[in-house]
Amino acid sequence: MIILGFESSCDETGVAVVDTARGLLAHALHTQIAMHQEYGGVVPELASRDHVRRVLPLTRKTLADAGLTVADVDAVAYTAGPGLAGALLVGASVAQAFAWARDLPAIAIHHLEGHLLSPLLADPRPEFPFVALLVSGGHTQLMRVDGVGRYALLGETLDDAAGEAFDKSAKLLGLGYPGGPALAAMAEHGDASRFELPRPMLHSGDLDFSFSGLKTAVLTRVRAAEKDGGTLDDQARADLAAATQAAIVDVLAAKAEKALKQTGLKRLVVAGGVGANKRLRARLAQSLPRLKARAYFPPLELCTDNGAMIAFAASERVKAGLVTLRRDEHAFTVRP
Ligand code: KG4
Ligand code: ZN
C-alpha cells in the first residue's frame, strides 16, 4: 500500500510517500525558518499561508521523486495535531480533498507518534520494547514503547519543554530563532564550567522534568551583567550558552538513564528536534554502555518536523491493524 503523508503542524511543510512493504520512497520538505526569523518566532498566520503555497508543489515533487503518479496512491495521512490550528488545517484539508477526489481513506496521525516512531526509519532499526525520550519544542516526555500504538507515559515536563528551554535561553542571549541550533553552535566556543546553573529535578526521584527555573537562572546571569553597566561579552555569552546546554543535556540524559534502570530495558530511542543536539548524542553514547544499553536516533534530517515520519507512522499503524480504512469519512477535525 502506497501512503502519501502530509505534515504542516508548525513551520515545516513536509510531504512523503511510504510503501507499507518497501518503506520510505521519497520525501520533500520546506522550512519556513527564514520567513519567521525577523519576528523572532513562528507567526501562525504567516505559517498557514506559506503551507498553502508550498504543499502542492512539494506533493508533485515527492511523487515524481518516487516515480509515482497520483493514481498510484492507496491512502493519505496527515498530522491532525498537536500544532497550530491554521497550519494543521492546511495539511488536513489537502489530505482529505485528495482522499475525497480519489476515493481513498485518509489517516489522521498524532504528531508525537510521528516523532516517536521516526527512529525506526534509521539503520539499525531498534526492536521493541524501548524507552523513548521525546524532546521537541513543545514536549519533553519519557515513554515506554512496547509496540506500535502501545505507549505508556513514564514522565514528562511539568512546565517548559527542553526545546523551549533552548529557544528561550537563546533569545535571552540575543540569538535568533530557532534558538536550539544557534545556542548549540555558540556553546561550541564556550566553557560550561564558568557559570553554575541548576539541574532542575535531577534528584526528584521520578521521571518528570522542569525547565522553567533554568531559563530564569539564565535571565539572572544576563541581568547581573547588565546591572554592572555592561553586557555579556562574546566569550561570556558563549560560556553561558555552553553552561545552559550542559544543564539541559545533564538532566535529559540522567532521567533517560533512570528510565532505563527502572524499566530494565536496554534500548533508548531519542526523537524530536532536540535529538539533533550533538552534546546530547555524545553524552548518551558515553554513558549508556555502562548500563549495557544503547541509544538509537532518527536520521539527522528527520529529527525535526518532516512528512516522512507522518507517512511512516500511518504505514506502521496500518500494518499493526490499528486503522479502519474508511473511504466515506472525509469530515476532518484538527486538535491544536
Ligand atoms: O521536533 P521539532 O522540529 O518541532 C516540534 O515538534 O516542536 O523540534 C523543534 C525544537 C526547537 O525547540 C529547536 O530549538 C530544537 O528542537 N532543536 C535543537 C537542535 N535542533 C533543533 N535544540 C538543541 N540542539 C539542536 N541541535
Ligand atoms: Zn515536531
Rounded to whole Å and sorted largest first, list the principal axis extents of the Cα atoms in the chain. 66, 46, 30
Report relative contact order for segment 126-297 in percent, whole number only (criteria: Cα-Cα under 8 Å, sequence separation at least 6). 28 percent
Percentage relative contact order, the chain, counting C-alpha pairs under 8 Å, at least six apart: 25 percent
Sum up the lysine pairs in the chain that clear both bars: alpha-carbon distance under 17 Å and a spacing of 8 or more or different chains. 8
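Every number here is computed from the coordinates shown, using simple stated rules; none is lab data. Since this is a predicted model, take the numbers as computed values, not measurements.
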